[in-house]
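The values are calculated or read from the model by the stated rules, or taken from the named source; none is laboratory data. It should be emphasised that the depicted structure is a prediction, and the values quoted were computed from it without experimental measurement. Please note: Cβ atoms are built from the backbone with ideal geometry, for glycine as well, and neighbour counts cover all protein chains shown. What goes into the accessible areas is simple: the full protein's heavy atoms, side chains included, and nothing from ligands, DNA or RNA. Shrake-Rupley method; radii C 1.70, N 1.55, O 1.52, S 1.80 Å.
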Amino acid sequence: MLFRKDSRFVPFALTLVLLIAAPLIPAKTALAQASSSSSSSSSPRPTFAQEKAPSLVDPAGPAIELIPSEQLFFMAAALNQCGYDDGLADSDPMRQNVRDQIQKVLATSEDARKKRDAVCLYIAQHRMTGTVKDISQYVSLALYLTPPPALETSVELPEMPPDSTQVVEILPLLRDFATAVDLHGIWLTLHHSYDEYVNQLHDALTKMILTTNYYLKTPVSTYDGRRFVVVVEPQLNPGTVNARIYGTDYVVVVSPAHNQIRMLDVRHTYLHYLIEPLLYQRADAMERYLPILKEVREAPLDYRYRSDIVDLTIECLIKAIEARTMDTGIKPYVTPTDERRQDFARIETERNAVAAKMETVRQAQVRHDMNQGWVLTAYFYEQLLHFERDPASIKDSIGEIVYSMDVDHEVHRARDITFDQQADDDVLRRSKPRVLTGLDLAEAKLSTGDPATAASLARQALAANDASVDTGRANFILARTAIMGGDPDSAMTDFQKAADTAKETRIRAWSHIYLGRMMDLACKRNDAVAQYNQALAVRDGQQDTRLAAEHGLKKAYEAQQGHTCSADDSNDDGSGAAKDGSDPAAGSVKAPAPGDSSAASSGTAAPK
């Protein structure tokens with residue numbers, strides 16, 4: 001197999017010159033299938049306007065590539081500075097490394113902080129769904145950008161995916177932020193590491209492509225103008241794969257963790273790359289499948305699968321291929337090396353027993369897919385058994401597989417299915433829930449009104465003497481539990497420790513804010529102003545942090561009971577204690593619940 005470097009990304013890109021896609025529809029006449037598009041098959045399928053290829057797709061490059069992207073690096077870096085923490089605990093150390101390098105610049109430059117805040121405000125104002133789709137629109141936009149420092153769209157807006165155009169106004173803000181923190185310089189220091197990611201993932205991706213083509217008997221062919229591109233970006237959530245189809249080009253954005261990526265999700269997209277053109281060529285022949293759509297109306301499928309028979313058929317065939325080639329978890333039978341003639345019958349029995357166990361697992365997967373609404377999976381699974389015994393390739397066999405379906409039989413089979421109530425997550429939204437432990441669990445306990453357990457967990461984290469534990473965050477939790485317990489002295493001590501040692505800028509900033517508020521309540525206005533200024537100097541990119549600190553500078557914090565300071569409220573020694581001996585700060589600062597939207601004015605919010 002031949003490999004070469006892509007000249008656009010030297011030395012970053014290690015390309016896979018695997019021209020193994022079967023001869024398919026010419027690009028100029030292919031139906032453009034964007035990941036978000038769908039149409040009804042009850043009428044002739046329309047021809048959609050072709051989206052132009054993303055900027056990272058080299059028209060003269062190989063059909064299959066594994067590459068990084070500086071444009072995506074810039075966008076991911078900005079997202080990470082603006083509250084995008086999804087999958088952070090499971091991410092490659094590179095993600096935190098980039099964060100730390102940017103934070104060093106932000107800590108010394110007010111201009112950089114202002115540019116960061118502008119980007120974060122834009123992102124906050126365009127957060128629509130609260131899901132991974134909010135991030136995927138920025139990923140989609142990054143794929144259509146020219147290289148830095150221009151960072152302009154590589155095609156006209158009407159020729160871009162609709163989701164990317166919704167956030168295109170971020171580009172001037174992104175350019176200003178990138179210049180202020182020298183993202184290009186950071187990229188240059190890290191490009192060798194990105195090159196290593198590509199090298200580490202190369203063999204696994206090559207193996208997946210070769211084994212998939214081997215099963216489908218797809219020979220090496222001449223290049224047909226389509227491309228399959230895998231983009232590596234460790235600053236994204238490793239539990240999510242962004243798979244996109246742009247016209248005739250298929251792009252998968254992955255984030256490595258422990259030198260691995262979600263290869264099954266990448267393979268699923270690669271199967272779309274191989275299978276879709278074969279079935280789109282036969283879209284008219286599938287019009288007779290339309291009665292099947294009536295049977296999946298109650299299935300937990302996305303609307304486009306319940307309304308478009310071609311899309312439903314494609315997904316069912318891919319599900320069947322995945323079931324036939326899945327890792328069943330059962331060790332294959334190995335024939336003994338010292339076999340004798342009289343052992344042949346026993347060996348054959350043992351081999352058949354193992355094969356039966358594997359088939360049981362595969363059939364269970366098929367039943368699951370059928371219950372999910374992929375009602376043609378069983379039919380294609382049965383057809384693949386015949387396909388495996390025939391020397392013909394999937395390209396030569398697909399016609400017979402499509403035309404020979406007994407539609408009435410499949411309608412009745414679908415009618416007998418009791419569909420699941422909830423759909424599996426698709427490739428774009430798959431993310432397993434994480435079990436909370438340690439300080440994450442302490443935060444959860446604090447937010448649900450259990451400060452005793454939260455404090456216990458924070459103390460355990462500090463006592464563990466583990467270098468990976470953020471001691472500043474633990475002290476921040478202890479400070480808030482002390483407030484809830486009416487112990488302002490301990491709270492101020494712990495807030496100061498958090499401000500000095502926390503790894504997260506958000507925790508450091510809010511520690512200064514709380515210290516400022518407590519000093520305001522103790523009638524130490526000058527000290528409070530100093531704390532608010534420090535909060536602004538180390539703030540994160542969230543708007544609530546900046547507004548809370550600026551509010552503290554404009555006006556002294558007042559307790560809910562209306563506590564105010566006058567010229568003679570403080571002792572002559574400057575201690576701030578009231579003349580009647582009471583502590584004005586005791587019990588005055590309400591312990592916050594994480595993410596409270598009233599942070600800027602009332603002080604009842606804390607960093608997550």
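Values for this structure:
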read-out	value
Verdict on Pro391 being closer than 15 Å to Ile417 by Cβ, of a type outside the set (Asp, Glu), touching a residue at least 40 places away in the same chain (Cβ under 8 Å) and out of contact with any helix residue (DSSP H, G or I) (no Cβ under 8 Å at 6 or more places or on another chain)	no
Boolean, Phe419 is under 20 Å from Thr313 (Cα atoms), buried (at least 18 other Cβ atoms within 10 Å of the Cβ), aromatic (Phe, Trp, Tyr) and modelled with pLDDT under 95	yes
Selection from region 284-314 of residues that are open to solvent by 10 Å² or more (accessible area, probe 1.4 Å), over 28 Å from the mean Cα position of the chain (by Cα) and of a type in the set (A, V, I, L, M)	Ala285, Leu290, Leu293
Residue match in region 249-267 (condition: polar (S, T, N, Q), buried (at least 20 other Cβ atoms within 10 Å of the Cβ), part of a loop (DSSP other than H, G, I, E, B) and at pLDDT below 90)	no
Wholly enclosed helices (runs of 4 or more DSSP H) of region 89-184 bearing at least 1 residues among the charged types (D, E, K, R) and more than 25 Å from Val230 (Cβ to Cβ)	93-108, 110-125, 171-181
Entirely in region 367-483, the helices (runs of 4 or more DSSP H) that have 1 or more residues that are within 30 Å of Leu515 (Cα to Cα)	438-447, 451-463
Per-region count, region 231-258, residues among the polar types (S, T, N, Q) and within 21 Å of Trp187 (Cβ to Cβ)	4
Subset of region 484-521 (residues that are farther than 19 Å from Gln81 by Cβ and not in a helix (DSSP H, G or I))	Gly485, Gly486, Asp487
Failed item, numbered, when Asp520 is tested on (1) open to solvent by 40 Å² or more (accessible area, probe 1.4 Å); (2) charged (D, E, K, R); (3) modelled with pLDDT under 90	(1)
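Residue-by-condition table, conditions (1) in contact (Cβ under 8 Å) with a residue 12 or more places away in the chain; (2) under 27 Å from Glu359 (Cα atoms):
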| position | (1), (2) |
| --- | --- |
| Asp284 | no, no |
| Arg288 | yes, no |
| Val296 | yes, yes |
| Tyr303 | yes, no |
| Leu312 | yes, yes |
| Glu315 | yes, yes |
| Ile321 | yes, yes |
| Met326 | yes, yes |
| Pro332 | yes, yes |
